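Visitor: Quick one: the structure is below, questions incoming.
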Amino acid sequence: MIINEQMIDDIALGATVLGTGGGGDPYSGALMAKVAIANAAKPVEIIALDDVEDGWMTVPSSMIGAPTVAIEKINSRDQMLVAFEAMEQAVGCDIEATYPIEVGGFNSLIPILVAAQKGIPVIDCDAMGRAFPESQMVTFYLDGLPSAPNTLADEKGNVVTLHPLDGVWSERFARPITEQMGGSAAMCDYPMRGESLKRSALPATLTKAMKIGQAIRKANDEGKSGVAAVLDIVGGHKIISGKIVDIERNTSGGFVKGGVTIERLKHAGPESTVDNVYVHFQNELLLAHEGVKAGDLAEDNLLAVTPDLISILDHETGHPITTEQLRYGQRVDLIAYPCDEKWRTDKGIEVAGPAYFGYPAQYCPVELLKPLTPTTQAK
């Protein structure tokens, strides 16, 4: 499948939904990807995970850091390429294909830049099925695959190569280095052969993002609900239709952290049984509960929790809103839907469940929590 400009727009839109508020700014990513394919020596192709040869060396291409920083500190054209070629030096061979480490707006499009510059394909897969804030929160870590070597590059040309023991040590080293690089950096990690990638990666997540983007676009063209179009694909349910009445947000430690309060719209209908929802985030939306502040969280008012997915969509269009784009007064729909089964294992919950982020709550699958509107089944 050859990538064109419309596909880039659709992937950006759908990946921002699946990115659960994180993954970076899709607008700048889409612009950079379009320029990259226009200047590429040959067409950029998306290939299925099953088409990857066992002996290929594969490496993800991504950005690390706070999304709020990346909006103002735009990547240089070759920043990701510098990190990618540093990885080729570190592993001592050519890399034959790349892919996104996570399905998030900007990070889903970064591999297209590298693929266009290197003349290699983009693999239709990722290692999260969503976006997560930390480097070890990938299926590769769940499966015990090595993270090393890691390479990081900034827009000035600085390059750092790391050899961490595992994904946790990768996060501990890479995050402070990213802060010194200005809060945002290009990063490559988890180099592996195709045989390992096919066992551990989540397949067809780029094309899933593209289908979501296409569905939102079609719904808007036909005057239908973009939110309903998203739920038809991802499953889950709408928690609340509301207005953002408060937003707390700060950038520290290489993350954007905070929370947002959503007050139910008066015309939202009788199906919603809560008046206010508070959503916590750390780059990504991680937990939603009834109430107007973080301290209202209790076991009996939990509405959705990581590693399940939470997305904030524009009430009228269904377009996703990232955490750095949340503003007072926006009319939004909050939806929640199931994560991949790998994240519902004991290790998956240990790595990316509520306890890891310090929330006093137990993980409960979103389909077992109080559904406030009729549940739709994933297709």
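The values are calculated or read from the model by the stated rules, or taken from the named source; none is laboratory data. Just so it is clear, the structure is predicted and the values come from calculations on it, not from any experiment. Positions of Cβ are backbone-derived with ideal geometry, glycine not excepted, and every protein chain shown enters the neighbour counts. Please note that ligands, DNA and RNA were not included when accessible areas were found on the heavy atoms of the full protein model with its side chains. Shrake-Rupley method; radii C 1.70, N 1.55, O 1.52, S 1.80 Å.
Visitor: For every other residue with a beta carbon closer than 11 angstrom to the beta carbon of Glu195, add +1 if it is Lys or Arg and -1 if Asp or Glu, then tell me the sum.
Guide: Value of the local net charge: +1.
Visitor: Run the simple label-point estimate for Arg77 and Arg327 please: 7 Å along Cα→C-beta, distance reported in nm.
Guide: Going from the Arg77 label point to the Arg327 one covers 3.2 nm.
Visitor: With a probe of 1.4 Å, find how much accessible area the chain has per residue, and write the answer as a whole number in Å².
Guide: Accessible surface, normalised per residue, equals 38 Å².
Visitor: Right, next: Give me the distance in nm between label points sitting 7 Å out from Cα along the Cα-to-Cβ direction at Arg344 and Ala41, one decimal.
Guide: Label at Arg344, label at Ala41, 4.7 nm between them.
Visitor: In addition: Around Ile101, under 9 Å between beta carbons, what's the net of Lys plus Arg minus Asp minus Glu among the other residues?
Guide: Taking every other residue near Ile101 into account, the sum is -3.
Visitor: Add +1 for every Lys or Arg and -1 for every Asp or Glu among the other residues with Cβ under 9 Å from the Cβ of Gly213, and state the total.
Guide: 0
Visitor: Below 19 Å, Cα to Cα, which aspartates and glutamates can Lys211 reach? Residues fewer than 8 away in the same chain don't count.
Guide: Glu5, Asp9, Asp10, Glu45, Glu102, Asp124, Asp126, Asp221, Glu222, Asp232, Asp314, Asp340
Visitor: Just going by the charge dipole of the chain, with Lys and Arg at +1 and Asp and Glu at -1 on Cβ, which of Pro307, Leu81, Val227 is farthest out on the positive end?
Guide: Val227
Visitor: Sticking with this one: Scan the chain and report its longest stretch carrying no GluC sites (Glu not before Pro) that are both in a DSSP loop and have at most 14 other Cβ atoms within 10 Å.
Guide: Result for the longest clean stretch: 54-221.
Visitor: Something else: What do you get for the angle between helix 205-221 and the principal long axis of the chain? Use alpha-carbon atoms, 0 to 90 degrees, nearest ten.
Guide: It is inclined by approximately 50 degrees.
Visitor: Let me ask you something else. Got a number for carbon plus sulfur as a percent of region 60-129's accessible area, 1.4 Å probe?
Guide: 47 percent
Visitor: Determine which aspartates and glutamates satisfy two conditions relative to Lys347: a Cα distance under 14 Å, and not lying fewer than 8 residues away in the same chain.
Guide: Asp143
Visitor: Between Glu53 and Tyr27, how many nm apart are label points set 7 Å from Cα along the C-beta direction?
Guide: Between Glu53 and Tyr27, the simple spin-label model gives 4.3 nm.
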